[in-house]
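The structure under discussion appears below in the form of structure tokens.
The values are calculated or read from the model by the stated rules, or taken from the named source; none is laboratory data. The structure displayed is predicted, hence computed values, not measured ones. Reconstructed Cβ throughout: ideal geometry from the backbone, glycine too, with neighbour counts over all protein chains shown. Calculation scope for accessible area: heavy atoms of the full protein, side chains included, ligands and nucleic acids excluded. Shrake-Rupley method; radii C 1.70, N 1.55, O 1.52, S 1.80 Å.
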Amino acid sequence: MPKEPGKITDNLLHTYNYCFTETVPYEFFKPKENRDIAVHLTGKNYHCTHCGKTTHIDYRPRPLTYYSKGKLAEQQAVYEKLGLPFPPRGEIDSGVPFTNEAVGLCAACAEKQFADPEDPAQRAVMLAERLHGEDELVTAQARKAMEDAFSHWLDGLSSVQELLSYDLSNVYAVRDLICAVMLEDTTAEQHVLERYLHESGAIAAELRGLLEQLPEVFSAYTARSVLVYESMNDKIYHEYTVAFPADGTAPATYYLERPVEKSRVAMFLAQPRVETLEDLLMEVGFHGEWIDALTNRAKALATIDGRESSR
């Protein structure tokens with residue numbers, strides 16, 4: 001078992017984000033007066049068209065953020081859709097604070113609206129989201145099963161002497177002991193794996209079939225966390241073009257309509273996934289807090305032993 005969790009889940013997360021979240025590459029950027037527009041960007045409003053909910057977030061303070069002309073034109077169209085007056089270019093150039101606006105569905109409304117969508121494009125996106133959830137869940141469930149087994153073993157220790165009967169001479173020996181305890185019976189982890197293979201396989205099969213029906217680029221509502229950074233350039237992101245939510249921003253998710261590239265979704269489907277119990281255990285990896293749990297249990301047992309010896 002490795003020191004750190006495996007890379008399959010991390011790779012799947014990065015690929016999913018590439019498909020559905022931030023899709024422009026990082027590049028060197030030098031502002032040009034005839035191409036880029038400096039804006040005093042301060043925050044963003046997310047509007048749900050179904051329930052009327054609005055979520056406002058502040059961006060981390062910075063003097064200027066550079067927009068591409070296309071990105072600012074997109075904002076003007078959203079302002080018009082909302083019936084809001086778009087600030088004239090003179091105000092923007094003079095540094096008057098500017099707020100981004102976004103129109104879509106809040107998570108609660110999207111859950112109802114897209115519970116079982118008939119539209120192939122929207123259904124494909126929701127299936128990809130479900131598959132992403134399964135990819136994340138299988139590792140979390142396996143880790144919980146392993147930690148439950150370890151906690152049960154720790155609770156069964158009756159004295160420090162019982163613990164000292166094991167080799168605890170160095171950190172590697174301690175790790176080997178913890179791993180041996182966790183892996184003595186992997187029935188629970190095997191059940192987790194079997195459930196994942198069944199669920200993810202069914203989702204992936206349906207998603208592949210839907211992709212065959214869709215054009216190379218299609219439009220759908222995709223989930224976006226308000227905590228994710230955003231580039232104000234429609235072709236690249238760079239320190240000059242990106243805005244980050246302020247520290248302490250409350251989490252929320254909105255579904256916003258955007259173009260989705262079929263090739264990217266196919267790439268997400270084609271990524272290596274957990275297939276065997278060994279894969280799953282490698283993904284969970286080894287976590288330092290497990291050593292902390294053993295240490296804390298040893299301290300608790302020493303306290304109990306001390307009380308009993310003083311009687």
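Applying a 4.7 Å cutoff between beta carbons, the unpaired cysteines of the chain are Cys19, Cys51, Cys109, Cys179. In the list [x] 22.3, 67; [y] 25.5, 85; [z] 26.0, 100, the label attached to Rg and Dmax of the Cα atoms in Å as derived from the coordinates here is [y].
A 1.4 Å probe run over the range 55-144, with the rest of the protein chains in place, finds 52 Å² accessible per residue. Counted over the range 36-177, the DSSP beta bridges are approximately 55% antiparallel. Around the Cα centre of the chain, unit charges on the Cβ atoms of Lys, Arg, Asp and Glu (plus for the first two, minus for the last two) sum to a dipole of about 1160 debye. For the pair the range 100-175 and the range 232-310, the centres of their Cα atoms are 9 angstrom apart. Rolling a 1.4 angstrom probe over the protein heavy atoms with all chains in place gives the range 154-221 an accessible area of 58 Å² per residue.
Please report the carbon-and-sulfur percent of the accessible area for the chain; probe 1.4 Å, protein heavy atoms only, DNA, RNA and ligands left out. Display every interim value, and only then the final one.
Details: 8960 of 16810 Å².
Heavy-atom surface of the chain belonging to carbon and sulfur, 1.4 Å probe: 53 percent.
Counting only DSSP beta bridges with both residues in the chain, what percent are antiparallel, rounded to the nearest 5? Intermediate values should be presented prior to the final figure.
Working: 24 of 32 bridges.
Counting DSSP beta bridges with both partners in the chain, the antiparallel share is about 75 percent.
Run through the range 11-110 and list the GluC sites (Glu not before Pro) located in a DSSP loop whose Cβ has at most 16 other Cβ atoms within 10 Å. Let's see the in-between values first.
Values: sites: Glu22, Glu27, Glu33, Glu74, Glu80, Glu91, Glu101; in loops: Glu22, Glu27, Glu33.
Answer by residue number: Glu22, Glu27, Glu33.
In the chain, with Lys and Arg counted as +1 and Asp and Glu as -1 at Cβ, which of these residues, Thr21, Ala266, Gly104, has the Cα nearest the positive end of the dipole, that is, farthest along it? Result: Gly104. Based on DSSP H segments of at least four residues, each scored -39500 (n - 2.57), the chain has a per-residue ellipticity at 222 nm of -16500 deg cm²/dmol. For the set Lys144/Lys262; Lys53/Lys235; Lys53/Lys112; Lys44/Lys69; Lys7/Lys44, the pairs lying more than 23 angstrom apart at their alpha carbons are Lys144/Lys262; Lys53/Lys235; Lys7/Lys44.
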